[in-house]
Amino acid sequence: MRCPSCGSLDTQVKDSRPTEDSAVIRRRRVCLACNFRFTTFERVQLRELVVLKRNGRRVPFDRDKLVRSVQIALRKRPVEPELIEQMVSKIVRELESGGEAEVSSEAIGEIVMEHLRALDDVAYVRFASVYRNFREAKDFEAFLGELSSEDEARPPASAARPPSPVK
């Protein structure tokens, strides 16, 4: 691992431990050249993903870019960072296990919107406004109209559960 301070390749792992959900290994490292200490994270990658952009370009999938866009949508919302990390991990696993090495940016956007909708409605609308390129207030109105009509078509959460027995 290259030292972020001096660029030396001579680094040593001082401590390794799994994160809370055991999906990532956190490693504390020290550079033997300059004694700079830093942390790295290691996670399983099932396959190398390539994103097919709308303009036809192909770029390597960047998990950090996905995290940033989700964090922007969730800015100032009451969502724990652990939930964001879990959601991003689910999205990445879904993409990697999809069977295709190339994934369109549209498919990624739809998956992110699906997960955001389950997590936070405001973040869902924020993300959709950028992803679907809303230009005017009427775009928001139309989208919110679709959203509310879909919500009305769904059975309420209380109807999905069987009634509790009366004692």
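Is it true that F134 is free of Cβ contacts under 8 Å to residues at least 40 places away in the same chain and touching a Ser or Thr at 6+ places or on another chain (Cβ under 7 Å)?
No, not satisfied.
Output the number of the condition that R63 fails; it satisfies all remaining conditions of (1) over 26 Å from Y124 (Cβ atoms); (2) surrounded by 11 or more Cβ atoms within 10 Å (Cβ to Cβ).
Of (1) over 26 Å from Y124 (Cβ atoms); (2) surrounded by 11 or more Cβ atoms within 10 Å (Cβ to Cβ), only one is false for R63: (1).
Can you tell me which residue in region 66-77 is surrounded by the fewest Cβ atoms within 10 Å (Cβ to Cβ), limited to those that are in a helix (DSSP H, G or I) and among the hydrophobic types (A, V, I, L, M, F, W, C)? Outline the logic, then answer.
Taking region 66-77 as the starting set, the residues that turn out to be in a helix (DSSP H, G or I) are 66-73.
Still in the running and among the hydrophobic types (A, V, I, L, M, F, W, C): 66-67, 70, 72-73.
Values: L66: 19, V67: 17, V70: 22, I72: 12, A73: 25.
Per the stated criteria, the residue is I72.
For region 1-52: of the residues being of a type in the set (S, T, N, Q) and surrounded by 11 or more Cβ atoms within 10 Å (Cβ to Cβ), which is nearest to S104 (Cα to Cα)?
The qualifying residue nearest to S104 (Cα to Cα) is Q45.
Would you confirm whether or not region 47-60 contains a residue that is in the same structural domain as H115 (by TED's automatic domain parsing), assigned to a helix (DSSP H, G or I) and polar (S, T, N, Q)?
no
Taking the condition of being out of contact with any strand residue (DSSP E or B) (no Cβ under 6 Å at 6 or more places or on another chain) and of a type in the set (A, V, I, L, M, F, W, C), how many residues in region 50-96 meet it?
Number of matching residues: 13.
The values are calculated or read from the model by the stated rules, or taken from the named source; none is laboratory data. This structure is a prediction, so every number in the text was calculated from the model and none was measured. Cβ coordinates were reconstructed from backbone atoms using ideal geometry, including for glycine residues, and neighbour counts include every protein chain displayed.
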